[in-house]
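A.B. asks: What follows is a structure written as structure tokens; I'll ask about it next.
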Amino acid sequence: MATYTLPELPYDYAALEPVINPQIIELHHDKHHAAYVKGANDTLEQLEEARDKEAWGAINGLQKNLAFHLSGHILHSIYWRNMAGDGGGEPLAADGVGDLADAITESFGSYAGFKSQLTKAAATTQGSGWGVLAYEPLSGRLIVEQVYDHQGNVGQGSVPVLVFDAWEHAFYLQYKNQKVDFIEAMWRVVNWQDVARRYAAAKERADVLLPAP
């Protein structure tokens, strides 16, 4: 049995229109995300074979492949849940996400400052990558990370709570080469309820990573 499986979308292909058209959602989920799931499972099998045969000539490539595919699977699994057709706007206490709103203000000075930083981080990622809002457990604050590919340039132990996919397959059919237009549009479908739940869960698990004595 495969270790990883492709999660079902929490909405239909057309749910995020006009921000993301149905064709992109279908291809992105059913083809691209599925490929990362298969890649992670295939790499685990190859590592098992290497252990059985004590054949470690390809270990560097296999470990890199595992990080790439597994991180792609994880980030996409968050991505789908981070969006909703009735999302968008600013997180507010009146909507039940006051803790998240307060943490954003404390960590970035203001919601506007946070929004600007994450937008720029995602839109200026060189090549393929992500803009990520993450909970950093050592400081107990939120940080923005600019992730190359799926796994590079990440603070170890940080927990992603909001992710913006800046790979071309996420937007090119609709936005062509205007990545920044896509990132700006993404704010209209952010599911703050989901982001707030992830933030709360990350805070509860903060003690799993302790500073060295």
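A.B. asks: Under 8 Å between Cβ atoms, at least 6 apart or on separate chains: pull out the pairs that start in the stretch 37-52 with a residue that is in a helix (DSSP H, G or I) and end on any residue that is surrounded by 15 or more Cβ atoms within 10 Å (Cβ to Cβ) and of a type in the set (Phe, Trp, Tyr).
C.D. replies: Note: pairs meeting the criteria are 37/4; 39/68; 40/4; 41/4.
A.B. asks: Further question on the same structure: Read through the list (1) buried (at least 19 other Cβ atoms within 10 Å of the Cβ); (2) closer than 15 Å to residue 187 by Cα; (3) over 16 Å from the mean Cα position of the chain (by Cα), then give the number of the only condition that residue 122 fails.
C.D. replies: (3)
A.B. asks: Restricting to the stretch 134-179, count the residues that are assigned to a helix (DSSP H, G or I), under 15 Å from the mean Cα position of the chain (by Cα) and surrounded by 18 or more Cβ atoms within 10 Å (Cβ to Cβ).
C.D. replies: Counting residues in the stretch 134-179 that are assigned to a helix (DSSP H, G or I), under 15 Å from the mean Cα position of the chain (by Cα) and surrounded by 18 or more Cβ atoms within 10 Å (Cβ to Cβ) gives 1.
A.B. asks: Test residue 182 against the criterion of being without any contact (Cβ under 8 Å) to a residue 24 or more places away in the chain, surrounded by 14 or more Cβ atoms within 10 Å (Cβ to Cβ) and either under 24 Å from residue 84 (Cβ atoms) or among the hydrophobic types (A, V, I, L, M, F, W, C) (or both), and give yes or no. Spell out the reasoning first.
C.D. replies: Numbers: without any contact (Cβ under 8 Å) to a residue 24 or more places away in the chain: yes; surrounded by 14 or more Cβ atoms within 10 Å (Cβ to Cβ): yes; either under 24 Å from residue 84 (Cβ atoms) or among the hydrophobic types (A, V, I, L, M, F, W, C) (or both): yes.
When the stated conditions are applied, residue 182 passes them.
A.B. asks: Now a separate question. Restricting to the stretch 3-29, and then to whatever is farther than 21 Å from residue 149 by Cβ and assigned to a helix (DSSP H, G or I), can you tell me which residue is most open to solvent (accessible area, probe 1.4 Å)?
C.D. replies: So the residue we want is 23.
A.B. asks: Yes or no: residue 46 open to solvent by 50 Å² or more (accessible area, probe 1.4 Å), under 26 Å from residue 185 (Cα atoms) and touching a Leu at 6+ places or on another chain (Cβ under 8 Å)? Before you say what the answer is, go through the steps one by one.
C.D. replies: On the way: open to solvent by 50 Å² or more (accessible area, probe 1.4 Å): yes; under 26 Å from residue 185 (Cα atoms): no; touching a Leu at 6+ places or on another chain (Cβ under 8 Å): yes.
When the stated conditions are applied, residue 46 does not pass them.
A.B. asks: Quickly run through the stretch 103-119 and pick out the residues that are surrounded by 14 or more Cβ atoms within 10 Å (Cβ to Cβ), in contact with a strand residue (DSSP E or B) (Cβ under 8 Å, 6 or more places away or on another chain) and either under 16 Å from residue 92 (Cβ atoms) or not hydroxyl-bearing (Ser, Thr, Tyr) (or both).
C.D. replies: 103, 104, 108, 114, 117, 118
A.B. asks: Does at least one position in the stretch 78-86 carry a residue that is in contact (Cβ under 8 Å) with a residue 12 or more places away in the chain and farther than 22 Å from residue 146 by Cα? Spell out the reasoning first.
C.D. replies: Narrowing the stretch 78-86 to residues in contact (Cβ under 8 Å) with a residue 12 or more places away in the chain: 78-85.
From the residues that got through so far, the ones that are farther than 22 Å from residue 146 by Cα too are 84-85.
Looking for residues that are in contact (Cβ under 8 Å) with a residue 12 or more places away in the chain and farther than 22 Å from residue 146 by Cα, one finds at least one in the stretch 78-86, hence yes.
The values are calculated or read from the model by the stated rules, or taken from the named source; none is laboratory data. Since we're looking at a predicted model, the values are computed, not measured. Using ideal geometry, Cβ is built from the backbone for each residue, glycine included, and neighbour counts are taken over all protein chains shown. Accessible surface areas use protein heavy atoms only, side chains included; no ligands, DNA or RNA. Shrake-Rupley method; radii C 1.70, N 1.55, O 1.52, S 1.80 Å.
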